[in-house]
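Structure first, then comments.
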Amino acid sequence: LLRDLLGVVDLRNINHENICCLNTAVVIAIFAHRRRQLHILLQDLRRMNDDERESKRRAIDAAANDNIIDRAFVQAMKYLDIDRETPPARYARRASLTRRASMTTSSNQIADKNDVLRNFREVLWFWFEYYTHRGRDRLSLEFSSHLRFQEWIEVVSLLGADDGSPTSLVRRPVRLPRSPYQRAPRVSDGLRRVN
């Protein structure tokens with residue numbers, strides 16, 4: 001369930017309408033933390049993430065092997081004495097090319113989009129920015145979930161520690177966008193520093 005919830009939103013499409021998916025994922029993490037099983041939950045997510053990556057890598061390797069076999073077949077056919085007056089069917093190689101093209105495009109997406117833990121870390125950044133600056137939404141979250149906001153923040157902070165601990169989603173800090181709530185420097189501030 002958690003893996004599926006985390007596949008719904010990412011940093012590019014999360015907003016106030018679909019943040020409920022992220023809230024549900026955090027509630028699952030809160031319950032695991034209460035039972036002292038957060039590290040086990042994250043181990044399972046890591047294992048699923050690694051299994052999925054390996055499966056996709058194998059699919060890409062298989063597509064590359066199909067490409068080699070296709071080329072070898074075409075080379076072998078050149079040496080056969082087949083009636084060359086019959087034009088090849090228009091669809092003859094289309095399926096293989098289409099399959100290979102789709103496999104090639106999926107290989108570009110393996111890195112970040114399918115990394116569940118990194119994606120979870122990125123959307124937790126959004127979650128933190130969203131709720132720490134919106135008092136009414138924070139109260140709504142507490143009332144609807146019957147969980148104190150302090151408990152939400154505690155678990156989100158554990159998950160977002162970026163220190164490689166058993167309860168951290170990633171081993172190293174992730175590059176995140178600048179907060180929309182940070183104050184932009186004023187021109188007059190820059191002039192004071194120069195003088």
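Here R47 does not qualify as more than 17 Å from the chain's Cα centre (by Cα) and not β-branched (V, I, T). Filtering the stretch 126-164 down to residues that are open to solvent by 40 Å² or more (accessible area, probe 1.4 Å) and aromatic (F, W, Y), which residue is farthest from the chain's Cα centre (by Cα)? Taking the candidates together, the pick is F143.
The values are calculated or read from the model by the stated rules, or taken from the named source; none is laboratory data. The structure displayed is predicted, hence computed values, not measured ones. All accessible areas refer to the heavy atoms of the entire protein, side chains included, with ligands and DNA or RNA removed. Shrake-Rupley method; radii C 1.70, N 1.55, O 1.52, S 1.80 Å.
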